[in-house]
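Notes for the one structure printed next.
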There are 2 protein chains.
Amino acid sequence: MKRADRLAAIVQRLLERPGQLHSLTQMSEELGVAKSTISEDLARIRQAFAEAGLGRVETFAGVNGGVRYLPLRGEATIRAWAEELRALLQQPDRVLPGGLIYLVDVLFNPLWAQRVGETFASWFHAQRVEYVLTVETRGVPLALFTAWALGCPMVLARRNSRATEGSAVSIHYASTGSDRIQTMSLARRALPPGSRVLVVDDFMRGGGSVRAMCHLLEEFEAEVAGVAVMIATSVPEEKEVPAYEAMLVLEDVTESHGPRLRLGDRFREG
Amino acid sequence: MKRADRLAAIVQRLLERPGQLHSLTQMSEELGVAKSTISEDLARIRQAFAEAGLGRVETFAGVNGGVRYLPLRGEATIRAWAEELRALLQQPDRVLPGGLIYLVDVLFNPLWAQRVGETFASWFHAQRVEYVLTVETRGVPLALFTAWALGCPMVLARRNSRATEGSAVSIHYASTGSDRIQTMSLARRALPPGSRVLVVDDFMRGGGSVRAMCHLLEEFEAEVAGVAVMIATSVPEEKEVPAYEAMLVLEDVTESHGPRLRLGDRFREG
């Protein structure tokens, strides 16, 4: 096998399963070259990816060592995605009765779910995330691709506990600005105690659902590694969660002009 | 840029967004070589992938032409995944009260969702699938990765219509073997008339939910391109749908021995 083909084969392996650790020993056996050759190839790939902002190639030494690829993106790429998403969501025909926005075509489009997931992974990978949590239903694609990009599992809080999930921990909470009591539950076996968890959701107004997820995590003695939402509203300014990152902020929705959004505060720093 | 680096860069582009069409013109500009050189590189990558059973590299001629990668897997790879999944699900501690199986850790693990999605994509890509449909909630990760692997959108049927999805079409149906009437709805704007749709679900007993999805598709004048489930039960043998493909078949569940599964009928052909 020529070097060009070997490099292509290694890139293929790394990219098809982000976050998964690949053994150098196994790779050297499968590709029929010495481990030192694989290491040299990886150094070259790592540098090429770093230069092009294509994500991170991480190597781990030791008996259980190996290499993994994380599709972490640079600031410029993420900003371009946020701008494109903003333009897509500002289409006037997205306005629904009640000042709501039609979002499901975007949320359930794998291309956008993957981009948003890679964005959240890029923002929070340094927080040693072990699980990604969301509550059903619309946030599932974003949480799933965030977990995919980080190479960790996702866990799903349900609106009602289900027989198919065994014993569960349930909490009750009031929706922001209303007296309606809602329930949220998570299977007892979904999360080992002490886990570090990234909380993900598609849309945040007051932050009640996200706060409920954080509260639920306390019951599992889990740590909140961060909170990431695709869209937060500008009003109310004070959310029920102390800190979060939003890709976009919804300023207002009018039937004549459509939704008006701006980039999240994180993009101001740059 | 040396040929080895260029091949690696092309593989990276193809794999990071399965199903998406990449323009040869754009690729040649970005990599700074002639289109004919890119074409030669692609021919080499296509052959290498085909030989290793790593999926399909498709090129399209013409003004809107380009190249795309579909992560379609060979029979041997899919069988190995099915065997591994079977072993994982046969763990005795998966049995829940009522003869149910704990599955959510597998369904919401991106690694398994991706493998199952690639399996369904491999089985049905020849059916010209334009959308992948599932009903909330547990089937979402499988449907999402199936759509991802096919490069098409997914659409989600809800148990109740939602204000956030605008006007919707709702149907009512009886669960298999029960008189309980259930509702299923799909946003009117989710699906253009005449679409070809692959129906995906995680678990099928009588087939009532899947039949309801097919019924819902009739309301959209859509065609059913196929039905794919991760697990079908062996009883009842007659399902409410005429044809489907299952990765695994659940024979029985006992608390002493755990779930007993076999590979789906499709694997017998080989």
Roughly how many whole Å is it from the C-alpha centroid of region A:220-270 to that of region A:151-216? 19 Å
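Quick one: if you take sqrt(5λ) for each eigenvalue of the C-alpha gyration tensor of the protein assembly as shown, what semi-axes come out, biggest first, whole angstrom?
Values: eigenvalues 239, 174, 125 Å².
Its equivalent ellipsoid spans semi-axes of 35, 29, 25 Å.
Which GluC sites (Glu not before Pro) does region A:199-237 hold that lie in a coil by DSSP with at most 16 other beta carbons within 10 Å? Present the calculation step by step, with values, prior to reporting the outcome.
Numbers: sites: A:E218, A:E219, A:E221, A:E223, A:E237; in loops: A:E221, A:E237.
In loop regions of region A:199-237 (DSSP not H, G, I, E or B), the sparsely surrounded GluC sites (Glu not before Pro) are A:E221, A:E237.
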If you average over every viewing direction, what projected area does the convex hull of the Cα atoms of chain A give, in nm²? 16.6 nm²
With every protein chain kept in place and a 1.4 Å probe, region A:75-268 has an accessible area per residue in Å² of 39 Å²
When chain A is treated as a Gaussian network with springs between alpha carbons less than 10 Å apart, the largest mean-square fluctuation among A:S256, A:S195, A:S209 is found at A:S256
Can you work out the FRET efficiency for the pair A:T37 and A:E58, with r the C-beta to C-beta distance and R0 = 25 Å, to the nearest 0.05? 0.85
Simple Cβ-charge dipole of the protein assembly as shown, Lys/Arg +1 and Asp/Glu -1, about Cα centre, in debye nearest 20: 800 debye
Quick calc, region A:3-70, dipole around Cα centre from Cβ unit charges on Lys, Arg (+) and Asp, Glu (-), nearest 20 debye, gives 100 debye
When only Cα pairs under 8 Å and 6 or more residues apart are kept, what is the percent relative contact order across chain B? 15 percent
So if each residue of separation counts as 0.36 nm, and I subtract the Cα-Cα distance between A:A163 and A:V235, what length gain in nm does that give? 22.1 nm
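Looking at chain B only, what percent of DSSP beta bridges run antiparallel? Nearest 5 please. Working shown, then result.
On the way: 22 of 42 bridges.
Around 50 percent of the beta bridges assigned by DSSP in chain B are antiparallel ones.
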Cα axis of helix B:208-219 to longest principal axis of chain B: angle in degrees, 0 to 90, nearest 10? 60 degrees
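Give me the Kirkwood hydrodynamic radius of region A:3-70, using the inverse of the mean 1/r over all pairs of distinct Cα atoms, in Å to one decimal. Show your work: numbers first, answer last.
Numbers: mean 1/r = 0.0843 Å⁻¹.
Here the Kirkwood hydrodynamic radius works out to 11.9 Å.
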Determine the distance separating the Cα centre of region A:1-53 from the Cα centre of region B:1-66; give it in Å without decimals. 18 Å
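Dividing the convex hull volume of the alpha carbon atoms of region B:80-209 by its residue count, what do you get in Å³ per residue?
Per-residue hull volume (Cα only) is 133 Å³.
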Can you show me the helix-derived [θ] at 222 nm for chain A, built from DSSP H runs with n ≥ 4 at -39,500 (n - 2.57) apiece and divided by the number of residues, rounded to the nearest 500. -11000 deg cm²/dmol
Ordered by number, the trypsin sites (Lys or Arg not before Pro) in region B:180-261 that occupy a DSSP loop and have at most 10 other Cβ atoms within 10 Å are B:R180
How many partner chain Cβ atoms sit within 10 Å of a residue's Cβ in peptide A:182-195, on average, as a whole number? 1
Region B:69-107: which residues show an accessible-area loss of 20 Å² or more, assembly versus chain alone, 1.4 Å probe? B:R73, B:D93, B:L96, B:L100, B:Y102, B:V104
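The values are calculated or read from the model by the stated rules, or taken from the named source; none is laboratory data. Quick caveat, the model's predicted, so the values are computed rather than measured. Counting neighbours? That spans all protein chains shown, and the Cβs are built from the backbone with ideal geometry, glycine included. Note: accessible area is taken over every heavy atom of the protein model, side chains too, but ligands, DNA and RNA are not part of it. Shrake-Rupley method; radii C 1.70, N 1.55, O 1.52, S 1.80 Å.
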